[in-house]
1. In terms of modelled amide H atoms, which long-range or inter-chain residues lie less than 5 Å from the amide H of LEU139?
2. So what's the angle, to the nearest 10 degrees on a 0 to 90 scale, between helix 147-159 and the longest Cα principal axis of the chain?
3. Per DSSP H run of n ≥ 4, the term is -39500 (n - 2.57); total these for the chain, divide by its residue number, and report the mean residue ellipticity at 222 nm rounded to 500 deg cm²/dmol.
4. Using DSSP to call loops (not H, G, I, E or B), can you name the GluC sites (Glu not before Pro) in the stretch 45-147 whose Cβ has at most 16 other Cβ atoms within 10 angstrom?
5. Work out how much length HIS52 to GLU96 would gain on full extension: take 0.36 nm times their residue separation and subtract the Cα-Cα distance, in nm to one decimal.
6. Set the Förster radius R0 to 35 Å, insert the Cβ-Cβ distance between THR115 and ILE26 as r into 1/(1 + (r/R0)^6), and round the FRET efficiency to 0.05.
7. Return the sequence-ordered ³J(HN,Hα) values of the stretch 71-79 in whole Hz as given by the Karplus equation 6.51 cos²θ - 1.76 cosθ + 1.60 applied to θ = phi - 60°, using x for Gly and Pro.
8. Computed from these coordinates, which is log10 I(q)/I(0) by the Debye sum over Cα atoms at q = 0.15, 0.17, 0.18 Å⁻¹: (1) -1.02, -1.25, -1.35; (2) -1.23, -1.55, -1.66; (3) -0.91, -1.21, -1.39?
Amino acid sequence: MRFGIGLRPGHEIHGLSDYLSGARPIRDVILPTALPLMRAILAGSVSDEADHAFYQELVTETTLFRDLLTAARARVDVVVVDTPPGLGGVVRRVLESSQHVVVPLQCEPLAMQTTPQILRGIQDIVSTNDELTLDGLLLTMFEPSNPGCVMIADYVRSHLPTNMVFEITVPRSAAAADGFAAGQPVVLRDPADAASVAYMRLAALLAERFEWNATVTP
């Protein structure tokens, strides 16, 4: 992905896999982005094989990932981890070392089927990590003209506690899809886009809730 890092053509970008395997120290995998106060760690030099069990074991069976989070927290105000979908071993290890969790829920039937398991899994992890708080479910890929999307959003809001679902809804957006394809956050690609505005509102809400030392304009 391209984050405005400004690397020379052909320059190898190191990331999480390189740190986990011991090939690179932490300082080599924390990369600058187009946002002056934001740093990113990419996936790194993973193989083309479908089975990445080796890296999963390094996350779940060692303290390497926990050590990385600890080092990152010492350098910045907020550390955000974008995990794989579901609640597998990697996600569990991330949550065991986290203080907050936001669950994005696409307004599609398939996403609804996994939500109860994810919520139960988070509840189980809270029993061993009392710092972890479920801050809410965020409805995404919402299309008001799609009856199926509206039905799922209404179902979620009517069957879960009000404080468990963010009032903010992220709409399906062409700019978001274009940004994903280009490796660029939608808030940079098109700040006026409806999805950008929704994400900025969410960031402002969380910043106020956590009293982050940052200024976010919705």
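1. Amide H to amide H, under 5 Å and 5 or more residues apart or across chains, LEU139 pairs with LEU105, PHE166, VAL170.
2. Around 90 degrees separate the two axes.
3. Mean residue ellipticity at 222 nm (helix-derived): -13000 deg cm²/dmol.
4. Taking the stretch 45-147 and a limit of 16 other Cβ atoms within 10 Å, the loop GluC sites (Glu not before Pro) found are GLU49, GLU131.
5. So the extension gain works out to 13.7 nm.
6. 0.55
7. 5, 5, 5, 6, 9, 10, 7, 9, 10
8. Computed from these coordinates, log10 I(q)/I(0) by the Debye sum over Cα atoms at q = 0.15, 0.17, 0.18 Å⁻¹ corresponds to label (2).
Where a number appears in this text, it was derived from the coordinates with a stated rule and is not lab data. None of these values were measured; they are calculated from a predicted model. Heads up, the Cβs are rebuilt from the backbone with ideal geometry, glycines too, and the neighbour counts pull from every protein chain shown.
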